[in-house]
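Since every read-out is calculated from the coordinates, none of them should be taken as a lab result. What you are looking at is a predicted structure, and each value in this text was computed from that prediction instead of being measured. Cβ placement follows ideal geometry from the backbone for every residue including glycine, while neighbour counts extend to all protein chains displayed.
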Amino acid sequence: METQQLNNGLKMPSLGLGVWQSDNGQEAINAIHWALEAGYRHVDTARIYKNEEAVGEAIATASVPRDQVWLTTKIWNDDIRQGRTTAALEESLGRLKMDYVDLLLLHWPVDGNTRAWQELERALSAGKVRSIGLSNFMADDLEEILQAGDVVPAVNQIEYHPYLVQSEAITACDEHDIVITAWSPLMQGKFLEEPTFAEIGEGYGKTAAQVVLRWCLQNDVIVIPKSVHKKRIVENGELFDFELSEEDMQRIDQLERGQRFGPDPHNFDF
Ligand code: NAD
């Protein structure tokens, strides 16, 4: 499994399984087991996905040891606003039945995020988390965290795919060696409506999904595609045996049109 070097010295697997909208039971457990069998070593959950119990059970019962699986979870907005980040982490660890997570993110930039960041720093010192980072933080929100904190975030998880490249946020992150993770890398399934990916894939014997995910990886972005179907999970994992040419990379670059499939971090109401 390829990895990305983080600014804290740890290596984070470049491919993870996203589990948003996966049921908190056998559905998520099966998906994670299939992913680990297919070579994934990274799972992305969040308190708000309401499936941390299943995620914890899947990792505990997998054939891969816990210390070889990268587990990310996130602090939800209400917990940040209410100043209960530390308590929320303890609750997540309880549901996961784990004594640490590999990466803990603030899920969205909301009031209280600088205090929440300081709580994350304390959790890091206490060994409850191996890395801390952000999600959906644009350049201005990131600047607030950098001003208030002692630890530079290791990761920023943002919406990223060929229709939405977010260059301003990425440039700000690059300046601080903050690695980008792409959420909705498969455009929530809408990649199938863009013929370019399948056309390019034909030249490599690869599917449209594999082309989109490989384009992200070649831009040094970590991907966490979601699926609960074994065939798709396996397909989405077969990314490391081909390389897109510079010409094909540029053809995909040209599709950028600032189109979001999820909420705008500068304008959301939850
Ligand atoms: P995604 O872009 O990964 O798309 C998933 C959908 O694409 C699936 O539901 C399925 O319909 C389709 N699909 C997947 N593999 C396919 C294949 N091989 N062939 C055809 N169709 C396929 O969408 P996502 O779930 O929004 O994002 C991935 C993960 O990112 C989430 O599960 C979650 O972990 C994370 N996420 C984080 C945030 C955040 O705010 N931090 C927001 C959204 C998602």
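You will find that of Gln188, Gln210, the residue that is of a type in the set (S, T, N, Q), part of a helix (DSSP H, G or I) and in contact (Cβ under 8 Å) with a residue 40 or more places away in the chain is Gln188 and no other. For the range 219-259, residues that are within 11 Å of the ligand (Cβ to nearest atom), assigned to a loop (DSSP other than H, G, I, E, B) and basic (Lys, Arg) total 0.
Taken over the range 186-212, the criterion of being within 9 Å of the ligand (Cβ to nearest atom) and out of contact with any helix residue (DSSP H, G or I) (no Cβ under 9 Å at 6 or more places or on another chain) is satisfied by Gln188, Gly189, Lys190. Here Ala60 does not fit the description of being crowded, with 24+ Cβ neighbours inside 10 Å and farther than 30 Å from Asp111 by Cα.
Restricted to helices (runs of 4 or more DSSP H) entirely inside the range 74-179, those with at least 3 residues that are closer than 15 Å to Ala46 by Cβ are 77-81, 85-96.
Do we have any residue at all in the range 164-181 that's of a type in the set (Asp, Glu), within 23 Å of Leu105 (Cα to Cα) and in contact with a helix residue (DSSP H, G or I) (Cβ under 8 Å, 6 or more places away or on another chain)? Yes: the range 164-181 contains one or more residues that are of a type in the set (Asp, Glu), within 23 Å of Leu105 (Cα to Cα) and in contact with a helix residue (DSSP H, G or I) (Cβ under 8 Å, 6 or more places away or on another chain).
The set of residues in the range 1-21 being out of contact with any Lys or Arg (no Cβ under 7 Å at 6 or more places or on another chain) and of a type in the set (Ser, Thr, Tyr) consists of Ser14 alone. Residues being small (Gly, Ala, Ser) and in contact (Cβ under 8 Å) with a residue 24 or more places away in the chain are represented in the range 1-16 by at least one member. Which residue is nearest to the chain's Cα centre (by Cα), if the candidates are limited to the range 96-116 and must be closer than 27 Å to Glu57 by Cβ and away from the ligand (no atom under 16 Å from the Cβ)? Here the residue is Tyr100.
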